[in-house]
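Heads up, the thing below is written out as structure tokens.
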Amino acid sequence: MLRNVIASAVLLTLFAIVGSGLVATVHDGTRERIARNEEEVLLRGLHDVLPEREYDNDILRDALTIDAPDLGGTIIVYPAFRGHDPVALIYTVTAPDGYAGPIRLLVGVTADGRVSGVRVVAHRETPGLGDDIDASRSDWIERFRGLSLDSPPTPLWNVRRDGGVFDQFTGATITPRAVVKAIRTTLLYSRDHCEGLYERALQRMTEDDHG
Amino acid sequence: MADNGLRKVLADGLWHNNTGLVQLLGLCPLLAITTNTINGLGLGLATLLTLLASNACVSLIRNLVRPEVRIPVYVLIIASVVTAIELSMNAWFHDLYLILGIFIPLIVTNCAIIGRAEAFASKNSLPRALVDALAIGLGFTAVLVTLGALRELIGSGTLFAQAHLMFGEAARGLAIVVWEDYRGFLLAILPPGAFIGLGLLIAGKNVIDTRMKQAATVRAKAAQAASTA
């Protein structure tokens with residue numbers, strides 16, 4: 001009886017070791033490639049929002065973490081510079097009020113307060129109704145490129161249903177409303193905080209250069 | 001004789017005992033992922049790989065494993081294999097992985113796989129276990145691809161959209177727009193479309209089976225009549 005128990009335990013242990021050995025080996029062999037893939041996907045998203053030729057710093061390395069409850073809590077901001085001149089800030093914003101949960105966005109705001117581009121990175125909106133916010137489904141999201149708080153004026157930064165200038169979709173108002181609101185909030189936040197953020201990023205960059 | 005045995009294993013897995021259409025196992029990924037053809041193919045191939053690896057391992061160790069711990073051992077094997085496949089997909093088919101992401105780990109819980117390990121691989125030689133894995137895996141993949149194609153065609157009017165996620169940029173041309181300016185039929189893409197589509201496939205299989213049985217009886221009767229005459 002005892003012998004049986006021990007034999008089973010030894011057997012299970014052996015299989016656990018072989019199994020974790022296999023997983024560890026594969027993990028080790030793929031880790032770098034996976035990290036590179038993830039970086040590439042992130043960079044691709046960032047370049048949709050702000051073309052690569054516009055800036056020349058290492059945008060991933062210079063990323064800042066900020067506390068901005070309006071934009072979804074603790075978020076990451078990617079500052080883009082050309083030389084030491086600020087070009088744009090790319091915010092990773094979460095719109096909390098999507099139809100089926102939060103919508104995650106990349107919002108680029110240029111140094112002069114214009115939207116350089118917006119992309120939806122993650123959402124669970126209804127396919128065929130709300131998912132036209134996704135750049136792969138429609139070009140609705142391109143509508144925001146170049147706009148600022150002055151054009152259109154802030155009160156008009158709404159979907160048409162709420163008296164604004166942005167189209168909602170047939171059968172879906174909540175989704176575009178959430179996106180428009182998130183972009184407006186980002187512009188407002190950037191107006192008040194961008195100088196401090198550029199300064200922080202510059203400081204970090206010069207520290208790195210000397211260090 | 002041995003050949004006949006293998007042929008029966010193949011026919012069972014692909015048709016008579018098809019995981020998707022007869023056993024109705026692994027419905028969660030089957031219904032959730034088949035919004036287009038390529039997603040179906042991706043999950044199908046991942047499941048096929050898992051089956052091949054797990055059936056092979058289980059068959060090789062069938063005389064070694066004590067019956068009282070066999071289930072935990074099978075689970076360990078399947079979980080390790082699936083994790084390895086998940087990591088590899090993440091590394092080499094990253095874009096497809098981003099879509100199939102949460103369904104790959106779910107392969108572990110696909111009862112079809114542990115079912116094959118327990119019901120077949122643990123009692124059969126390596127070649128037979130591999131043929132069984134191939135048949136079951138291909139049968140499952142065929143259902144995933146058919147249902148995916150059906151839903152994609154009706155839902156968005158295309159076929160093989162996003163093929164480049166799996167086969168690289170060169171395959172972008174594979175995508176077929178079947179109907180230009182198609183407005184889309186949302187129901188097919190949404191979850192109810194999956195249930196309706198699967199129901200139609202099962203009904204279709206039953207119709208074919210009945211026809212074949214009728215044809216066989218007619219043939220048998222004819223043969224009988226010929227022999228008595």
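No lab work stands behind these numbers, since they all come straight from the coordinates. What you see is a predicted model, and the numbers here were worked out from it, not measured in a lab. Cβ: placed from backbone, ideal geometry, glycine included. Neighbour counts: every protein chain shown.
Details
- Against the main long axis of the alpha-carbon atoms of chain A, helix A:2-49 sits at an angle near 20°.
- Largest first and in whole Å, the equivalent-ellipsoid semi-axes of the protein assembly as shown read 51, 31, 17, each the square root of five times a Cα gyration tensor eigenvalue.
- In a reduced charge model with +1 at each Lys and Arg Cβ and -1 at each Asp and Glu Cβ, region A:1-117 shows a dipole moment near 660 debye about its Cα centre.
- Protection proxy ranking, highest mean first, for peptides B:73-84, A:132-143, B:90-101: B:73-84, B:90-101, A:132-143, where packing is the per-residue count of other beta-carbon atoms within 10 Å, averaged.
- Cut-off 12 Å between beta-carbons: net charge of the residues surrounding A:TYR55, Lys and Arg +1, Asp and Glu -1: -4
- Value of relative contact order over chain B, rounded to a whole percent, pairs C-alpha under 8 Å and six or more apart: 30
- For chain A, the relative contact order comes to 15 percent (Cα pairs under 8 Å, sequence separation of at least 6).
- Normalised by residue number, the volume inside the convex hull of the Cα atoms of region B:72-112 is 56 Å³ per residue.
- Semi-axes of the equivalent ellipsoid for region B:53-174, computed as √(5λ) from the eigenvalues of its C-alpha gyration tensor and ordered from largest down, come to 32, 16, 12 Å.
- Most mobile of B:PHE185, B:PHE160, B:PHE140 in a GNM of chain B (Cα contacts under 10 Å): B:PHE185
- Using a Gaussian network model of chain B in which every pair of alpha carbons under 10 angstrom is joined by a spring, one finds that among B:ARG66, B:ARG219, B:ARG183 the greatest mean-square fluctuation is at B:ARG219.
- Among the DSSP helices (H) of chain B, those spanning at least 30 angstrom by Cα along their long axis with an average Kyte-Doolittle hydropathy of -0.5 or more are B:37-60, B:70-92, B:126-156, B:191-228; this is a geometric and hydropathy rule only.
- Modelled label positions at A:GLU40 and A:GLU54, each set 7 Å beyond Cα in the direction of Cβ, lie 2.4 nm from each other.
- Toward the positive end of the charge dipole of the protein assembly as shown, with +1 on the Cβ of Lys and Arg and -1 on the Cβ of Asp and Glu, the farthest Cα among A:ILE141, A:HIS123, B:ALA188 is that of B:ALA188.
- Diffusion coefficient, µm² s⁻¹, Stokes-Einstein with Kirkwood Rh over alpha-carbon pairs of region A:52-210 at 10 °C and 1.306 mPa s: 99
- Inter-chain shielding of B:83-91 (mean C-beta neighbours from other protein chains, 10 Å cut-off): 6
- Most mobile listed residue (B:GLY137, B:GLY155, B:GLY42) in chain B, GNM with C-alpha springs under 10 Å: B:GLY155
- Charge context of B:HIS16, other residues only, Cβ under 14 angstrom, K/R +1, D/E -1: +1
- Considering all different alpha carbon pairs of region B:2-228, the Kirkwood hydrodynamic radius works out to 19.0 Å.
- About the Cα centre, charge dipole magnitude for the protein assembly as shown (Lys/Arg +1, Asp/Glu -1 at Cβ), debye: 2620
- Relative to the dominant Cα principal axis of chain A, helix A:174-210 is inclined by about 80°.
- Spin-label model distance (nm) - A:SER151 vs B:GLN224, 7 Å beyond Cα toward Cβ: 8.8
- Debye intensity ratio in log₁₀ form over the Cα atoms of region B:13-68, taken at each q of 0.15, 0.17, 0.19, 0.20 Å⁻¹: -0.58, -0.70, -0.81, -0.86
- Residues B:LEU60, A:LEU105, sorted so that the one with the fewest Cβ neighbours within 10 Å comes first: B:LEU60, A:LEU105
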